[in-house]
Amino acid sequence: MLRARTPGGGAGNPVTHVERIPARPGTAVDWPEWVPAELRAVLAGQGVVAPWRHQAEAAGHAHAGRHVVVATGTASGKSLAYQLPALATLLTDPRATVLYLAPTKALAADQLRAVAALDLDGVRPACYDGDTPRGERDWIRAHSRFVLTNPDMLHHGILPGHARWSTFLRRLAFVVVDECHTYRGVFGSHVAHVLRRLRRQAARYPGTSGSVPGQRGGTGGPRPAPDGPVFVLASATSGDPAAAAERLTGLPVTAVTEDTAPRGGLTFALWEPPPLPPSSPSDVPDPADRAGAAAPGGGFDAAPVRRSALRETADLLSDTVAAGVRTLAFVRSRRGAEVIATTARRRLDEAVPGLGARVAAYRSGYLREERRSLEQALLGGELLGLASTSALELGVDLVGLDAVLICGYPGTRASLWQQAGRAGRSGGEALAVLVARDDPLDTYLVHHPQALFGRPVEATVLDPANPYVLGPQLACAAAESPLTPADLELFGAGAKEAVEALVAAGALRHRPTGWYWRHAGRPEVDLRGTGGTPVDVVESSTGRLLGTVDPASAHFQVHPGAVYLHQGVSYVVDALDLDDGCALVHAEEPDWSTHPRDVTSLSVASVRSYLDAGPVGMFLGEVDVTSQVVSYQRRRLASGEVLATLPLDLPARELRTVAVWFTVSPESLAAAGVDAAEVPGALHAAEHAAIGLLPLVATCDRWDIGGLSTANHPDTEAPTVFVYDGHPGGAGFAERAYRAASEWLTATRDAIAECGCETGCPSCVQSPKCGNGNNPLAKSEAVRVLDVVLSNLARLATAEPDAT
Ligand SMILES: [Zn+2]
Ligand SMILES: [Zn+2]
């Protein structure tokens, strides 16, 4: 090791917890008897001599015609669970077809290689995505029986052109939905409807396939007659995967969750960087923080108080590399990965000249060949350390490392385990370290290991009933073929109202035979957002499209003068043209970050559900949020010093969304010792921390969420804290917060109470996205407010055990 660390347990020890996860032997079973000998032989040739029990179990459900989701850990061999039934059917029924969906093109390409390597007669697997040359598309439609694509291509290409796909759809036996836990929030809600549109089109072309899965001697048990393709979903370990899969597909789904693949032992350490000396300037800020600070709200008045997670991870990486340990470090931003690799290389070269060459950065911009050669170098041992963006979680072949460093909580326990799961060769011991960033959630987690280790991973949250998703999706469906009353059932709650709204808006026409799309072109619907056309971010000098920004956050992220980060590269915005939906930028790395200030007001439109807990009320409902970005600050990167405040001339924006809110009577606050003068600061501090801790109970990050607190709101006539979904119509996050209110607010209270700071810091009540510059904030009073809320909610729960 390059430096000494304070050994175990002392106040200066950055290790806050060590969790031991014991090794586990695997449980193999015989091949199910329906797997053709030819398939067994090629799999054996690839080293798969027998399936693990969970693979055989999931495959058996699918083969018997039951929709199934397999939700097990990283490297547990989920692919075999869908390859077995899909390929067995393709081999025994020469007409059947299979559609495979992956969230990324890279993952689909990896799966294509895996299936192509089996070299099975007549399967003809092919990727069909945005990169597929026009000339190959006709061939794929006509001849491929295993088509690999992504939800965007299904939405924009395959479903609108369903007539050309009619033969393929008519014979569709299986739909594989890989990494289905990534379909969450607004994106997940859209994908849920894309899958319903797929089911509808498959049903329009009645099956002529010679045999339906399951008719060749199933694995027993009642088999529902499938009137459409069988869905096989693969998920990372997640809470209640069957319910999430049912929301996603609209079908009854059986879950297989017991992981029977062998696993080496894992030591998992939680690491909190030490505080900086009071006078020292903050060191390398994570560029991801800067990106975040440019998102809704903006405003980061205090310099970080701890050593940065980036610097700390770089030091740990050089320590492990110096000790000959093969290590992968995950970090959120591309520039963060570069900073970690550069810092570690420099430290290693100082210690042993030449050693630095054994560390590299690894990011999404690399070509596949470059990625493969880095992977090979790491697995072969020429490279010892790799710093990678966490975006590479998916579709990467890096498993079997000695150690994984995770720089900052990746947002969900599911991602955390997926990243940690990269560590561990079969039979060998492995190490994972989570390095906390200076924010409330990370700080809470490293001091509450039971929140990470003692509980299942979070449920995937999506809300297909969101009218802002449902309406546009029904328009797409109608453009594909007229909607019938029976279709409305398929699209679920709210479909009737949504169709009526589309008729009223002139988008659909109602005729006796159904609802017809009235326009010549197809509806323009982006799966990744709601509320209008996204704003294009364009580099002026080259005309290159760098990316798009949801219109709801364009004012915050790409206002004139904003520093905009794209894949870790820094740009400055020259102009934002709201009429053309376009922001012009140039590459520049200024010494400052930008922080928008906004003025927000909120009114309650309706209450969906509430809890009356005496002096405390807890509510879920629709709200109208009006916000206007009025100015922005430039702050020096290293110190956070305000360099300038510049006015902006942008229109106000309206957002109809879903919120959770609580009210507390002024009398109960006074009784708890909160001075009237401190109420605004106490509520504001509680609001910030509550937003920071919401990802603990819902799969969102704090940038998906907004908040507002006030000592007297005209609609509630009481001191109130609102937390709302940042997407029009809501994404399910506020609803989840309402359902898990006690758990959520208890964690919020503990995070504030246990923070060692005196008056509030970024680890507890300060927010990097505050529109009011983190003013006022009253830390200890916030704890008292939450105590009042929690004690009254607890009393209600005891009094009315049935209350929901
Ligand atoms: Zn604090
Ligand atoms: Zn604030």
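A short reminder: the numbers here are calculations on the coordinates, not readings from a lab. A quick note: this is a predicted structure, and the numbers were derived from the prediction, not measured. FYI the Cβ positions are ideal-geometry reconstructions off the backbone, even for glycines, and counts take in every protein chain you see.
I'd like to know how segment 78-220 sits against the 2.2 N^0.38 Å rule of thumb: what's its Cα Rg over that expected value?
After normalising by residue count via 2.2 N^0.38 Å, the value is 1.00.
For K78, a cut-off of 13 angstrom between C-alpha atoms picks up these aspartates and glutamates, skipping any fewer than 8 places away in its own chain: E57, D178, E179, E258, D259. What separates the Cα centres of segment 733-765 and segment 577-610 is a distance of 25 Å.
Contact order, relative form, for the chain: 13 percent (alpha carbon pairs under 8 Å, 6 or more residues apart, mean separation divided by residue count).
Net charge dipole, the chain: roughly 2360 debye, given to the nearest 20, about the Cα centre with Cβ charges of +1 for Lys and Arg and -1 for Asp and Glu.
Could you give log10 I(q)/I(0) at q = 0.14, 0.19 Å⁻¹ for segment 15-78, computed by the Debye formula over C-alpha point scatterers of equal weight, without solvent? Debye curve over Cα of segment 15-78, log10 I(q)/I(0) at q = 0.14, 0.19 Å⁻¹: -0.52, -0.83.
What would the Debye formula give as log10 I(q)/I(0) at q = 0.10, 0.20 Å⁻¹ for the alpha-carbon point model of segment 468-607, no solvent? Evaluating at q = 0.10, 0.20 Å⁻¹ gives log10 I(q)/I(0) of -0.51, -1.07. Taking every Cα-Cα distance in segment 559-698 and sorting them into 10 Å bins starting at zero, the pair-distance distribution P(r) comes out as 9, 25, 31, 22, 11, 1 percent. Think of the chain as having a plus end and a minus end, set by charges on the Cβ of Lys, Arg, Asp and Glu; of P125, A751, G692, P125 sits farthest toward the positive end of this dipole. Each Lys and Arg Cβ is given +1 and each Asp and Glu Cβ -1; about its Cα centre, segment 37-104 then shows a dipole of about 80 debye. What would the Debye formula give as log10 I(q)/I(0) at q = 0.09, 0.10 Å⁻¹ for the alpha-carbon point model of the chain, no solvent? Each listed q corresponds, in turn, to -0.93, -1.16.
Farthest towards the positive end of the charge dipole of the chain, among the residues S373, V331, G239, is the Cα of S373, using unit charges on the Cβ of Lys, Arg, Asp and Glu. The lysines within cross-link reach of K779, meaning a Cα-to-Cα straight distance under 26 Å and a gap of 8 or more places when in the same chain, are K769. Note on segment 61-100: Cα convex hull, mean projected area over all directions, 3.1 nm².
Need one number: % antiparallel among DSSP beta bridges in the chain, to the nearest 5.
Approximately 60 percent, going by the DSSP bridge assignments.
Amide H contacts of H713 (H built 1.01 Å from N, in plane; Pro and chain starts excluded): A718, T720 sit under 5 Å, all sequence-distant by 5 or more or on other chains.
For segment 694-804, the Cβ-based charge dipole about the Cα centre amounts to some 180 debye (Lys, Arg positive; Asp, Glu negative; other atoms uncharged).
With the dipole of segment 472-547 worked out from charges on the C-beta (+1 for Lys and Arg, -1 for Asp and Glu) around the Cα centre, which of G506, A475, V525 lies farthest toward the positive end? Value computed over the given set: G506.
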